[in-house]
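**Student:** This is the structure I have questions about; it appears just below.
Read the figures in this text as sums done on the coordinates, not as results from a lab. The structure displayed is predicted, hence computed values, not measured ones. Here the Cβ positions follow ideal geometry from the backbone for every residue, glycine too, while neighbour counts run over all protein chains shown.
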Amino acid sequence: MNRYPLWKNLLVAVVVLLGGLYALPNIFDQDPSMEVSAQRDAVIDLATQTRVEAALQKSGISSKGMSINNGKLLVRFTTSEDQLKAMDPIAAALGENYTQALTLLPDLPGWLSGLGAEPMYLGLDLRGGIHVLIDVDMEAALEQALERYSSDIRTLLRGEKVRYVRIGREGEAVIVKFNNAVKRDEASEIIGEEFRSLVMEDLDQGEDFLVKASLSPSDSREVKKFALQQNITTLRNRVNALGVSEPLIQQQGDRRIVVQLPGVQDPAKVKDLIGATATLEYRLADTEHSVEDAVNGRVPPGSRLYRERDGQPVLLKKQVIVTGDQIVDASSGFDQRSGQPSVSVSLDGIGAKRMRRMTNENVGKPMAVVFIENRTTTRMVNGQPEKVRSKVEEVISIANILEPFGRRFQTTGLDSTEEAHDLALLLRAGALAAPIEIVEERTIGPSLGQENIDQGFQSVMIGLALVMVFMAVYYRVFGLVADLALAMNLILVVALLSLLQATLTLPGIAGIVLTVGMAVDANVLIFERIREEIKNGSTPQASIQAGYEKAFSTIIDANVTTLIAAIVLFSFGTGPIKGFAITLALGILTSMFTAIVGTRAVINLIYGRKRVKSLAV
Amino acid sequence: MQLFKRETHIDFMGKRKLAMILSILLIVVALGSIVAKGLNLGIDFTGGTLVEVGFPAAVELPSVREKLSAEGFGDAVVQHFGTSRDVLIRLAPQEDVESAELSDHAFSAMQGLESSADLRRVEFVGPQVGDELTEDGGLAMLYALIGILIYVGLRFEYRFAVGAVIALIHDVIITIGIFSLFQVEFDLPVLAAVLAVIGYSLNDTIVVYDRIRENFRKIRKGDSKTIINSSLNQTLSRTLVTSMTTLLVLLSLFFFGGEIIHGFALALIVGVVVGTYSSIYVAGSAILMMGVSKADLMPVKKEDETADEMP
């Protein structure tokens, strides 16, 4: 007799029940919705909701429901047309301190979402959106760190009145040159004392006495880590300001950052915002010298020639009053006097102090704002990738200092409100620690995303149907039981994917399709064994028993090896390939359960309790 | 229903010379093509920019080309993708334009041609990323093979592990060879499919080996060749049935899964067919040639254990 103990039958029942429950959210429709979030000191509360309700009512748009969740206001609509139409009225009602993002929300009954059940998390290739991979230029980050050290060492030695000949950078070290060994030793001690993280080395080269200060390995690791972290923070700020629901910003490897923005329609704008590192410098204009002379090549020392946006040459002092990293906040608006678009800027303590001193001394003189944008691209030169860094510097405004100012002030001279807005955004995000470059982009339009879902679903269903028909014809009752297990397996994979919130991608769907084909393998192995046993003259009950038992180790061996391939795929793969590896691995694991334990439970129920003369296998 | 009405007694190992000639021939052609023609690598590996644009109605390629070269994309490669309303544009890097921005320019050119053109897909891969991927892909395959070598070596015996890996390399070379021979685009999903082929083909081989091991231990008489032959016959219907179900779903994926997944499905279809053949002919012949015998597979028994079992 083939009978399962009660606990095993219960186990199968519980797994089936839970699987069904957590796979369930995927069959519900998704509502086109809007996610409203607050920027800076604004808050989302019931008053916000009332304002949105009023705005929608006024424009004659009906919403399906509203809720406040995790400090965000979620507004559901019946159609995506309503969703798009609602964009402007809501923006007008709430003003600049709120951002809206379009998204899809599952329309789940309360009890289901109460269980923590959610639909699968769709990858960008299925929902549409932008994926960019950003490379952080670590060599430049290290260079900047060394640059900082050499200027700090210069200040230190001057302060201590130790005379040096020259300070320069050489590879990954700062070299200070002295006339004699005594001064060198003195300096070496002072520097070592002050900057404990530097590795000091004294070198004698003939007449030259050198100190070589290099970054310790841990220090240079720290610099790189910081560069990456700061870039991630900056990118997060920029992306948040874009108003995207569920953005993903994540470190990948030791120098790359992945940015994934679902549902974004305008890749050009995103790339502009992400790829550029912009900063501002405030400089005094040089009014003592002639601009014409400078254009003809006689640039006075202490000054530099710049150009305005329209190409007009301007002569500015080399000394910088305030740089971008001293800016703590920036917002766009309109200048109260001229009505022109403007950006108001707040400075940190040091910046404010310097700005106050300079403006105090120079009332009535012109001051210029220089906009500096850094871009890096990689080109192939003779088959070798080569980095090209370009720097665009232009004077965006030049105006007389009307009165001394400090912490807060305004910059005007921008072409449009759009430009003021973007500049404020760039400034608010702060200066990036190291130049970055977009090295990969994958954008999927929403129409293609939906098409991928439809085609993927269709191919899974057709594949499943073909295999089911084949199994039923080939193995009769046992085939039908295998079909049941196969359907169960599919539900379990979907349930696990939903539960883990692992990303489902198009290759992921292909993985599911492949699992459908391979999941029956365990059953094929078992059923063929049972047939063999029957052929060898065993009784039906003994054949079932032996079939399952003998096939077991084969199934394990065969599946473990496929699992190895899936794990390798997962560890090496990027986004979509990872999705394939996950579904393949999950499919293998669940299929072992459904094909071995699941089918046995059903077979036992059908044949196990009675005397049978023959098996329909 | 059964594939074979009676027990089969096919002399697979008797035809192993013929199979070997066939395998070697296939491998030589595959390798020859890979060396001579190379692979039609997708931008995942070569780096570059690709833009897919959807038009509301069928669009003529010459007009697209004309518009593109007017906008300075003279060397763009243009083709239909799936339907005549879809156009795939491949762009070469340009001197003064940032690579990440190329796609934006090309798409706005297409909007100039037809204002309701729809941006379906952009793929841009920088040269450094492509190089890394090629390297990582090769390494991944190597790691998968090593992992399998170790597992099979532990569970069976080293000759089985070597046999399995020979069969896998055989499958991988032929699958990649077919992509080279017909110049089908080899992109990242195809690489993933090749890795999946390794998993699948191994699955098949392991089932066969499992039976060989079992029979070596069970059947007292008969030489290695006979035992391997009868093992192959016993597992034959399972091998074919599983390949059939897998092929059924793969065909469904190939025909209904959409244009993007075509290469992926094709690689798996080829891999499954070749993998089925290799698990019957290559894997079996390999261990036979390495001289696996009954003695190698007898479980090591401790002496006192057998004494205990005696009543």
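**Student:** How high is the relative contact order of segment A:139-219, in percent, with contacts defined as C-alpha pairs under 8 Å that are six or more residues apart? Walk me through the numbers before you get to the answer.
**Tutor:** On the way: 115 pairs, mean separation 20.9, N = 81.
Taking the mean separation of contacting Cα pairs over the length of segment A:139-219, I get 26 percent.
**Student:** Let me ask something else. On full extension of the chain, what length is gained from residue A:165 through residue A:613, given 0.36 nm per residue of separation minus the C-alpha to C-alpha distance? Don't skip to the end; give the middle numbers.
**Tutor:** Values: separation 448, 0.36 × 448 = 161.28 nm, distance 10.38 nm.
Length difference between fully extended and current span is 150.9 nm.
**Student:** Quote the charge dipole size of chain B about the Cα centre in Debye, to the nearest 20; the model charges only the Cβ of Lys and Arg (+1) and of Asp and Glu (-1).
**Tutor:** Values: 25 positive and 36 negative charges, 506 e Å.
Using only the charged Cβ atoms, the result is roughly 2440 debye.
**Student:** Order of B:298, A:592 from fewest to most other C-beta atoms within 10 Å?
**Tutor:** Fewest to most other Cβ atoms nearby, the residues stand as B:298, A:592.
**Student:** Next up: How big is segment A:165-293 by Rg and Dmax over its Cα atoms, in Å?
**Tutor:** Both quantities, over Cα of segment A:165-293: 23.0, 66 Å.
**Student:** Shifting gears a bit: Considering the convex hull of the alpha carbon atoms of chain B, report its projected area averaged over all viewing directions, in nm², one decimal.
**Tutor:** One quarter of the hull surface, i.e. the mean projection, equals 22.2 nm².
**Student:** Counting Lys and Arg as +1 and Asp and Glu as -1, each charge on the Cβ, what is the dipole of segment B:48-125 about the Cα centre in debye, to the nearest 20?
**Tutor:** Details: 6 positive and 14 negative charges, 71 e Å.
So the dipole magnitude of segment B:48-125 works out to roughly 340 debye.
**Student:** Give me a comma-separated list of calculated 3J(HN,Hα) values for segment A:347-363, in order, Karplus coefficients 6.51, -1.76, 1.60 applied at θ = phi - 60°, integers in Hz, x for any Gly or Pro.
**Tutor:** Result, ordered by residue: 10, 7, x, 4, x, 5, 4, 5, 5, 5, 5, 5, 5, 4, 6, 10, 4 Hz.
**Student:** Which whole-Hz couplings ³J(HN,Hα) result when phi for each residue of segment A:293-309 is put into the Karplus expression 6.51 cos²θ - 1.76 cosθ + 1.60, θ = phi - 60°, listed in order with x for Gly and Pro?
**Tutor:** Calculated HN-Hα couplings, in order: 4, 5, 4, 7, x, 9, 7, x, x, x, 10, 9, 8, 10, 10, 7, 4 Hz.
**Student:** Also, quick follow-up: Could you tell me the calculated FRET efficiency between residue B:226 and residue B:295, based on Cβ-Cβ distance and R0 = 25 angstrom, to the nearest 0.05?
**Tutor:** Efficiency, rounded to the nearest 0.05: 0.95.
**Student:** While we're here: Debye sum, Cα scatterers, segment B:48-125, no solvent: what log₁₀ I/I(0) at q = 0.11 1/Å?
**Tutor:** With one equal scatterer per Cα and no solvent, log10 I(q)/I(0) is -0.22.
**Student:** Do the alpha carbons of any pairs in A:269/B:67; A:613/B:218; A:212/A:353; A:64/A:271; A:225/A:578 sit beyond 30 Å of each other, and which pairs?
**Tutor:** A:212/A:353; A:64/A:271
**Student:** A further question on this structure: Compute, for the protein assembly as shown, the length of the dipole vector about the Cα centre, with Cβ point charges of +1 (Lys, Arg) and -1 (Asp, Glu) only. Units Debye, rounded to 20.
**Tutor:** 3520
**Student:** Compute the FRET efficiency between residue A:67 and residue A:473 as 1/(1 + (r/R0)^6), taking r as their Cβ-Cβ distance and R0 = 51 Å, and round to the nearest 0.05.
**Tutor:** Taking R0 as 51 Å, the efficiency between residue A:67 and residue A:473 is 0.50.
**Student:** Still on this model: Normalise the Cα radius of gyration of segment A:29-107 by 2.2 N^0.38 Å (N = residues in it) and let me know the number.
**Tutor:** Its radius of gyration relative to the 2.2 N^0.38 Å reference: 0.98.
**Student:** Right, something else. Tell me the Rg and the Dmax, in Å, that the Cα atoms of segment A:534-617 produce.
**Tutor:** Spelled out, the Cα radius of gyration and Dmax of segment A:534-617 are 17.5, 55 Å.
**Student:** Could you give me D for segment A:139-219, from Stokes-Einstein at 10 °C and 1.306 mPa s, where the hydrodynamic radius is the Kirkwood radius over C-alpha pairs? Units µm² s⁻¹, please.
**Tutor:** Translational diffusion coefficient: 127 µm²/s.
**Student:** Residue B:183 to residue A:338: FRET efficiency via 1/(1 + (r/R0)^6), r the Cβ-Cβ distance, R0 56 Å, to the nearest 0.05? Write out the running numbers ahead of the final one.
**Tutor:** Details: r = 63 Å, r/R0 = 1.13.
So the FRET efficiency works out to roughly 0.30.
**Student:** What whole number of Å gives the distance from the Cα centroid of segment A:488-508 to the Cα centroid of segment A:22-87?
**Tutor:** Value for the Cα centre distance between the two parts: 28 Å.
**Student:** Along the principal axes of its C-alpha atoms, what lengths does the protein assembly as shown span, in descending order and rounded to whole Å?
**Tutor:** Each principal axis gives a Cα extent; for the protein assembly as shown these are 110, 84, 63 Å.
**Student:** Then there is this: Multiply the residue gap between residue A:417 and residue A:251 by 0.36 nm, knock off their C-alpha separation, and tell me the result in nm, one decimal place.
**Tutor:** Working: separation 166, 0.36 × 166 = 59.76 nm, distance 3.36 nm.
Result for the pair: 56.4 nm of gain on full extension.
**Student:** Additional query: Quick check: the distance between the Cα centres of segment B:255-286 and segment B:189-210, to the nearest angstrom?
**Tutor:** Here the two parts' Cα centres lie 9 Å apart.
**Student:** If the cut-off is a Cα-Cα distance under 15 Å, which aspartates and glutamates reach residue A:535, setting aside same-chain residues fewer than 8 apart in sequence?
**Tutor:** B:7
**Student:** For segment B:172-311, report the translational diffusion coefficient in µm²/s to the nearest whole number, using Stokes-Einstein at 4 °C, 1.567 mPa s, and a Kirkwood Rh over Cα pairs.
**Tutor:** Taking Rh from Cα pairs, D becomes 75 µm²/s.
**Student:** For segment A:64-159, what is Rg from Cα atoms divided by 2.2 N^0.38 Å, rounded to two decimals? Don't skip to the answer; put the middle values down first.
**Tutor:** Working: Rg = 24.3 Å, N = 96, 2.2 N^0.38 = 12.5 Å.
Its radius of gyration relative to the 2.2 N^0.38 Å reference: 1.95.
**Student:** Hey, which of these cross-link pairs are over 25 Å Cα-Cα: A:224/A:318; A:610/B:5; A:550/B:225?
**Tutor:** Working: A:224/A:318 30 Å; A:610/B:5 29 Å; A:550/B:225 23 Å.
Over 25 Å Cα-Cα: A:224/A:318; A:610/B:5.
**Student:** Separate question: Have a look at B:209, A:34, A:563 and report the one farthest towards the positive end of the charge dipole of the protein assembly as shown, computed about the Cα centre with Cβ charges (Lys/Arg +1, Asp/Glu -1).
**Tutor:** Result: B:209.
**Student:** Taking loop as defined by DSSP and a crowding limit of 10 other beta carbons within 10 Å, which trypsin sites (Lys or Arg not before Pro) in segment B:112-220 fit?
**Tutor:** Within segment B:112-220, the qualifying trypsin sites (Lys or Arg not before Pro) (loop, at most 10 other Cβ atoms within 10 Å) are B:220.
**Student:** Please compute the net charge surrounding residue A:106, taking Lys and Arg as +1 and Asp and Glu as -1 over other residues with Cβ under 12 Å from its Cβ.
**Tutor:** Numbers: positive: A:76; negative: A:29, A:31, A:107, A:118.
Surrounding charge for residue A:106 is -3.
**Student:** Using label points projected 7 Å from each Cα along Cα→Cβ, tell me how many nm separate residue A:484 and residue B:92, to one decimal.
**Tutor:** Computed distance between label sites residue A:484 and residue B:92 equals 6.4 nm.
**Student:** Hey, got the Cα dimensions of segment B:1-52 along the principal axes, in Å, largest first?
**Tutor:** 58, 32, 11
**Student:** Additional query: Let me know the mean shielding of A:503-513 by other chains, meaning the per-residue number of their Cβ atoms within 10 Å of its Cβ. Mind dumping the intermediate values first?
**Tutor:** Working: counts 0, 0, 1, 6, 8, 0, 4, 13, 2, 2, 10.
Taking all residues of A:503-513 together, the mean is 4.
**Student:** Can you find, among A:61, A:159, A:546, the residue farthest towards the positive end of the dipole of chain A? Put +1 on the C-beta of Lys and Arg, -1 on that of Asp and Glu.
**Tutor:** Highest projection toward the positive end goes to A:546.
**Student:** Normalised by the number of residues in segment A:286-348, what is the relative contact order in percent for Cα pairs under 8 Å and 6+ residues apart?
**Tutor:** 22
**Student:** What's the local net charge at residue A:215, with K and R +1, D and E -1, over the other residues with C-beta under 14 Å away?
**Tutor:** Residues near residue A:215 contribute -2 overall.
**Student:** In deg cm²/dmol, rounded to 500, what helix-only [θ] at 222 nm does chain A give when every DSSP H run of at least 4 residues adds -39500 (n - 2.57) and the total is split over its residues?
**Tutor:** Rounded to the nearest 500, it is -16500 deg cm²/dmol.
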